[in-house]
Each structure stands twice: as C-alpha cells, then as structure tokens.
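The values are calculated or read from the model by the stated rules, or taken from the named source; none is laboratory data. All of these numbers come straight from a predicted model, not from anything done at the bench. Cβ sites come from the backbone with ideal geometry, for glycine too, and all protein chains shown count toward neighbours. Calculation scope for accessible area: heavy atoms of the full protein, side chains included, ligands and nucleic acids excluded. Shrake-Rupley method; radii C 1.70, N 1.55, O 1.52, S 1.80 Å.
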Amino acid sequence: MKKKTFIRRVLTMIALGLLLSVTIIAPKTGVSAAYTPDMTNGADNFYKSNKVTIKKVTFKNQYNMNVAGNLFIPKGLKKNTKNPAIIVGHPMGAVKEQSANLYAAKMAERGFVTLSLDLSFWGESEGQPRNAVSPDIYAEDFSAAVDFLGTRPFVDRDRIGVIGICGSGSFVISAAKIDPRLKAIATVSMYDMGAANRNGLKHSQTLEQRKKTLEEAAEQRYVEFTGGITKYTSGTVHELNENSTAIEREFYDFYRTPRGEYTPKGQSPELTTHPTLTSNVKFMNFYPFEDIETISPRPMLFIAGENAHSREFSEDAYKLAGEPKELYIVPGAGHVDLYDRVNLIPFDKLESFFKENLKKK
C-alpha cells in the first residue's frame, strides 16, 4: 500500500477511552527493529503441540457465511466414543492464530476436543467489509460452532463448553444467554465491548465524547456510501513514543512484535486489529450483561489478571451472574499477559472447571 494512501486512512476515534495515535508501520514486518518484545513468563502464542492433531475446518452460520476454524483432537482420542468439547474465541480485532489456538491446543492436551474459530469478518472467515463489527453475528458464530461440534460423531453434544478471550468473553456470554447448548462458560481477560465503547475504561468517556464519535461515524457513512475511502478506528498503535500509554504499550508488545503479530493471507498489516469506524459504533447498542443471570444454573468462570486494566468487566459480570459462578484472579497478571504467557494462564483451573462441568451425567 502506498504511503499516501495509508495516511488518508486515518484512525482517529477515541476508543475504549483512549485517543489512539496513527503512524506508518515499518515495511514488511510492521515491527520496530529496535523494539524487543517481552517474552517472560513463558510467552508462547504460536505454541505447537505434538500431542494433538489439528485440522482446518469451515462451517456455515445461520447467515450462510463460512466460519473458519481449527479443530484440535487429542492424539489417541477414542473416536468411537462421545467426548467433551470446548470452543475458543479470540480477542476482539485478533484472529484465531492469536491466543485462541494456544488455548485450544493446551486444552486439547488435557483431553478435550477443541475448536478455535475466526469471527465473521475477521481472519479466514467470510464477511464483507473486512474488519466489520456485528455483535449479533459474532454471537451466532459461537452457536454455529456448537452446530458443527455437536454433529461430529466423536463429540457429546450435551458436553460442549466455551472460552471467550478478551472481547470474545462478552460475545460468548451473549451467545450463552440464548443458546442453552453451551453447558459451561469461561471468560479470560474479558472486555465488555459494549460498556468499553459507551463509557471507556473506568467510565472515563463523557456523554459528549460518545456523541461526537457517533456523529463522526454517521457522517462517514455518507463518505463510504458515495465511494469514499473506508475509515478504521481503535485497535493497536503501530509505533510507540514517549507519550504512549501503558495500555498502548501492553497491546503493542503482543500485536506489533513477533510475540503475537499475525497478518492473515490477503490482509494488510496496516489494518490488523482495526475495525471499521462506521460499524464499530454498533457496540454502543451491545449489552451482554443484561439478563446474564438467566444463564444459571449453567456454571460461569470469570478469569482476570490481578493488575489487568480490564478487570472491572469480569467483576461486573460476576456480580450480575447467577449461581454457580466464580471469579478467579491471577496474581501478578495484566490483561494481555493472559493471552499467551503460559506460566501465568491458569490452565489447571480451566481443566478442573470443564472436567467438572462437562462430565457425563
């Protein structure tokens, strides 16, 4: 993409209460040559397991869109029996190769059939325009994943659980409210994407700022309807400077370095993590925690880092959820730490949660 063309694709909206700066990324890699990512605590986003078999799969959602996923099957699994399964959703703006595959592989090593998926409009899944926001379709993708898993001869359709990481945490809650086939629900570093866009972190965004965002998106619709250039918003900055915030640095360390950077085939690294401005405002109408208590008596587990900037969302969901429920705080962990730092991610806790709640009855 030519430099002038990209500069015109201005990313200007206040997202999650933070004003995100826009810069041109380094050519080819999109990573600053002088920046060394933090690989402590076992950061291993691209982990490969020799204990599981991985198969690329696609399946239709109810909007007749192809949803792409990776199916992880433990080696030695008895395919003539019915086994428990877990669906794993990636962080908002990410793809299955970022965090979701890691969780799916680790849980498959522990005996579960697992399925990581790309949400519609992202990664290898269908949907136009690319990077569009549609919370309803995102939730539908998880139900479609249940359709797929529940029709595999080696999966017990009455023992399917789900893990939602970051934004997918709110999407799996939205799905579980209307899909009782999801028998056990866990979220990790959850973002309530509705509240985050309406209010910002810790309610830092004013009503006036929210209205300004809505007005900008509404005017941009005219631009794009008449053939103008698509505008993108939020996501992860492409460069750091002395004014970069701690949260910008935290996301940059994962998404803009070899630690977790991934650009799907046919996509541009300039646009990874960035949703379209005109669709992102749909999050303003997204209220995943409304009626969350109706998921009960299906169990819910909310996992958050002790130092995570997103901790408020897991705490809010826990307060509103019905029993049985648990809030599990990981000592010393931040938000992005739980994307890939295997020494911090509580896989033992996830294993015990799903083994207990997806056991045969």
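Structure data summary
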{"read-out": "Residue match in the stretch 84-100 (condition: open to solvent by 20 Å² or more (accessible area, probe 1.4 Å) and more than 22 Å from Arg159 (Cβ to Cβ))", "value": "yes"}
{"read-out": "Candidate set: the stretch 273-305, residues that are touching a Gly at 6+ places or on another chain (Cβ under 6 Å) and open to solvent by 70 Å² or more (accessible area, probe 1.4 Å); chosen: the one farthest from Asp136 (Cα to Cα)", "value": "Glu293"}
{"read-out": "Residue in the stretch 138-145 that is of a type in the set (D, E, K, R), open to solvent by 10 Å² or more (accessible area, probe 1.4 Å) and either touching a residue at least 40 places away in the same chain (Cβ under 8 Å) or closer than 16 Å to Ala176 by Cβ (or both) present", "value": "yes"}
{"read-out": "Unmet criterion (only one of (1) open to solvent by 50 Å² or more (accessible area, probe 1.4 Å); (2) in a helix (DSSP H, G or I)) for Asn241", "value": "(2)"}
{"read-out": "Residue under evaluation Glu261, criteria (1) under 17 Å from Ser99 (Cβ atoms); (2) open to solvent by less than 40 Å² (accessible area, probe 1.4 Å), criterion not met", "value": "(2)"}
{"read-out": "Some residue of the stretch 312-320 being open to solvent by less than 10 Å² (accessible area, probe 1.4 Å), farther than 28 Å from Met39 by Cα and in contact (Cβ under 8 Å) with a residue 60 or more places away in the chain", "value": "yes"}
{"read-out": "Those helices (runs of 4 or more DSSP H) lying entirely in the stretch 154-238 with at least 2 residues open to solvent by 30 Å² or more (accessible area, probe 1.4 Å)", "value": "168-178, 207-225"}
